[in-house]
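The values are calculated or read from the model by the stated rules, or taken from the named source; none is laboratory data. Remember, it's a predicted structure, so these values are computed and weren't measured experimentally. Cβ: placed from backbone, ideal geometry, glycine included. Neighbour counts: every protein chain shown. The protein model used for the area step is the full one, side chains on, heavy atoms only, and it has no ligands, DNA or RNA in it. Shrake-Rupley method; radii C 1.70, N 1.55, O 1.52, S 1.80 Å.
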There are 2 protein chains.
Amino acid sequence: MKEKDSQSAPDLQAVRTFLLAYQQSLCSALQGEEPDQTFLQDDWSRAEGGGGITRVLEQGSVLEKAGVNFSHVHGSRLPDSATAARPELAGRAFQAMGVSVVIHPRNPLVPTSHANFRFFLATHPERAPVWWFGGGYDLTPYYGFEEDCQHWHRTAAAACAPYGEKVYPNYKRWCDRYFRLAHRSEQRGIGGLFFDDLNTGGFARCFAFLQGVAESYPEAYLPIVRRRKGMACTDGQRAFQEYRRGRYVEFNLVYDRGTLFGLQTGGRTESILMSLPPRVRWEYCREDAAGSDERRLTDFFLRPRDWLADGFPEESGEPA
Amino acid sequence: MKEKDSQSAPDLQAVRTFLLAYQQSLCSALQGEEPDQTFLQDDWSRAEGGGGITRVLEQGSVLEKAGVNFSHVHGSRLPDSATAARPELAGRAFQAMGVSVVIHPRNPLVPTSHANFRFFLATHPERAPVWWFGGGYDLTPYYGFEEDCQHWHRTAAAACAPYGEKVYPNYKRWCDRYFRLAHRSEQRGIGGLFFDDLNTGGFARCFAFLQGVAESYPEAYLPIVRRRKGMACTDGQRAFQEYRRGRYVEFNLVYDRGTLFGLQTGGRTESILMSLPPRVRWEYCREDAAGSDERRLTDFFLRPRDWLADGFPEESGEPA
């Protein structure tokens, strides 16, 4: 089976079918947490080829802004930025499809979360097509709760476990390295999973892995939403959330490859920037008191650590 | 005189003295418009060499956030991004000094403004030093007033006039091309002046030009602040201002060379990002009614036009 799988042709249509169904079921699950607003749907197409379905919910009482976007685009020249591992594919014709998710809850005790699941196919008139999967999910709390971080990472680890014991630690580390604001020497959040250029072991196995991770995302996130959404919070906590959301904006506009790639190659701006939080503040040199919950966010939660076992800090997210 | 000037050595100390005095007088002039808060001062230094003086005013009743920063840094290797016109200087030892100004008023009828005045010196153990000035100022209204735009551009043109009739139109066009959000096909504001790599005609003449432009900046801006700051405004106008400030964030984090250069080379993050507005919103696919003041901002004011004469639209800000 393994032999056959690794030679099997990629099934683009199966990935598309999965991603479309996933978008729908994720929106339904999120809608179950939000009593006051509903997801709107925008279908769009792109002059250069392909299009997408953007689903957005705004000004909810639980979900202040939530976006779940499907896109499937094709083009005649794959940009360099699409694959770090195989620059020799740049310039090939390609198809790219994926679902991107960003949830900004209203209550500052509920963390923001992000997920992305994508599939690339680079074709060539004379050579075999090359394909790969990428994706993952990560969590950005404003007020940290250790049990939430443990639940998040345990769910991620369980989704990876059938594929070997090194998968979770590898993709957890990759996530910590990627979601990092170098100009502040700060992590964006408490991490999760991040992977790219995945095609080891054949299409069927990689696709099954992607599906398993995608299906684990609501299992990782929704219990945290349910546990925190009704908790009382103060105006000061809300202001801190808006201030910390500034870091989210800084990361997405300065570093995030998907965002910059989209903006620079004529993607649909409003779908790409759906990831930006609804209300944000910047303050000059904000300092929170030693020992405060706000200070504990950066001093404790935003340092890469082993959330499965001892909670000990790990190496910095900085590349060695 | 011209011969002598063009051979004269650059007077780094004179530029430093001017910039420091300018920072102080500009803060005093701005303070004159703000009754409730005062400019704070942070002196900082940088491990690699040099430092700066950051002056920030926050939560004023007129000036919601204002920053006037002086910096003077030196290093052993000039980065590519410091000079577009002379890439052969990259790698030389350098000194860079400048004053950067960003004013975010509270009242949405008062435009945001930005100014920058800088001087670079690239040295070489065996060759003559190379120096240049750069800078300019630009205005970002939320609600447009033609008389304000005309006053702004007339003041800019008057500062350029002693140096020839082509200076203002050239630097006005450069400004329109630079302060442009390509991903939205939108100008950041109504422009002003932008210049770089200026060393034509000798140090004394260029320095005099820089001083003239710098001194014209408060003459261009403060009358507009005085005229608009007391006008009544609505919550809806305030919300639109916060929404439009999102464009300011997008420009500064995605395109602005000074910001990205600073963040990527270990500049002082809180001084660099002082330019970001205090409160910001993002909304998905906001549409304002045809004929509304909000729509007139993008349909009329944010299109490059000749503000001195007929008000006719000019070529797009896009490079030809």
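A few notes on this one:
- Qualifying residue in the range A:287-310 (condition: of a type in the set (F, W, Y) and facing chain B (nearest Cβ under 7 Å)): no
- Taken together, the residues in the range B:178-197 that are away from chain A (no Cβ under 14 Å) and either at pLDDT below 95 or on the phi > 0 side of the Ramachandran plot (or both) amount to 4.
- Filtered residue count, the range B:232-263, keeping only those that are within 23 Å of A:S275 (Cα to Cα) and free of Cβ contacts under 8 Å to residues at least 24 places away in the same chain: 4
- Condition check for B:C175 on (1) under 23 Å from B:G98 (Cα atoms); (2) at pLDDT 95 or above; (3) not in a helix (DSSP H, G or I): one failure, at (3).
- Condition check for B:R245: within 10 Å of chain A (Cβ to nearest Cβ), under 28 Å from B:R177 (Cα atoms) and crowded, with 22+ Cβ neighbours inside 10 Å: yes
Rundown of residues vs (1) farther than 24 Å from A:D256 by Cβ; (2) modelled with pLDDT of 90 or more; (3) of a type in the set (F, W, Y), yes/no style:
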| position | (1), (2), (3) |
| --- | --- |
| A:S8 | yes, no, no |
| A:Q13 | yes, yes, no |
| A:L19 | no, yes, no |
| A:Q24 | yes, yes, no |
| A:G32 | yes, yes, no |
| A:P35 | yes, yes, no |
| A:F39 | no, yes, yes |
| A:G52 | no, yes, no |
| A:V102 | no, yes, no |
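- All conditions but one from (1) at pLDDT 85 or above; (2) open to solvent by less than 20 Å² (accessible area, probe 1.4 Å); (3) among the small types (G, A, S) apply to B:S71; the one that does not is (2).
- Residue in the range A:78-92 that is farther than 26 Å from A:F207 by Cβ and among the hydrophobic types (A, V, I, L, M, F, W, C) present: no
- Here the condition is being free of Cβ contacts under 8 Å to residues at least 12 places away in the same chain and among the basic types (K, R); of B:K166, B:K229, it holds for B:K166 alone.
- Residue satisfying all of: in the range B:9-24; assigned to a helix (DSSP H, G or I) and under 23 Å from B:R127 (Cα atoms); least open to solvent (accessible area, probe 1.4 Å) among these: B:V15
- Subset of the range B:248-281 that is farther than 25 Å from B:P108 by Cβ, facing another protein chain (nearest Cβ under 7 Å) and in contact with a helix residue (DSSP H, G or I) (Cβ under 9 Å, 6 or more places away or on another chain) - its residue that is modelled with the lowest pLDDT: B:L263
- Considering only residues in the range A:248-268 that are open to solvent by less than 20 Å² (accessible area, probe 1.4 Å) and of a type outside the set (A, V, I, L, M, F, W, C), the one that is farthest from B:K65 (Cα to Cα) turns out to be A:G262.
- Taking the range A:220-249 as the range and being under 16 Å from the mean Cα position of the chain (by Cα) and not β-branched (V, I, T) as the test, the residues that pass are A:A220, A:Y221, A:L222, A:R245, A:R247, A:Y248.
- Selection of the range B:136-181 for residues being more than 22 Å from B:D288 (Cβ to Cβ) and surrounded by fewer than 16 Cβ atoms within 10 Å (Cβ to Cβ) yields B:E147, B:Q150, B:R154, B:A158, B:A161, B:P162, B:G164, B:E165, B:K166, B:P169, B:N170.
- Exactly one residue out of A:A128, A:A159, A:A122 is in contact with a helix residue (DSSP H, G or I) (Cβ under 6 Å, 6 or more places away or on another chain), among the aliphatic types (A, V, I, L, M) and modelled with pLDDT under 95: that is A:A122.
- Taking the range A:75-118 as the range and being among the aliphatic types (A, V, I, L, M), open to solvent by less than 20 Å² (accessible area, probe 1.4 Å) and over 11 Å from the mean Cα position of the chain (by Cα) as the test, the residues that pass are A:L78, A:A82, A:L89, A:A96, A:M97, A:L109, A:V110.
- Residue that is nearest to A:E270 (Cα to Cα), among those in the range A:39-86 that are assigned to a loop (DSSP other than H, G, I, E, B) and polar (S, T, N, Q): A:Q59
- Residue in the range A:48-68 that is least open to solvent (accessible area, probe 1.4 Å), counting only those that are away from chain B (no Cβ under 13 Å) and of a type in the set (V, I, T): A:V62
- Output for the range A:195-221, where each listed residue is surrounded by fewer than 19 Cβ atoms within 10 Å (Cβ to Cβ) and touching a Pro at 6+ places or on another chain (Cβ under 9 Å): A:N199, A:A208, A:G212
- Lone qualifier among A:G135, A:G144 - being touching a Leu at 6+ places or on another chain (Cβ under 9 Å), closer than 30 Å to A:R228 by Cα and part of a loop (DSSP other than H, G, I, E, B): A:G144
- Restricting the range A:25-43 to residues that are surrounded by 14 or more Cβ atoms within 10 Å (Cβ to Cβ) and within 14 Å of chain B (Cβ to nearest Cβ), the residue that is farthest from A:K229 (Cα to Cα): A:D42
- Tallying residues that are assigned to a loop (DSSP other than H, G, I, E, B) and closer than 21 Å to A:D138 by Cβ within the range A:87-114 yields 6.
- The single condition among (1) open to solvent by 40 Å² or more (accessible area, probe 1.4 Å); (2) assigned to a loop (DSSP other than H, G, I, E, B) that A:F300 does not satisfy is (2).
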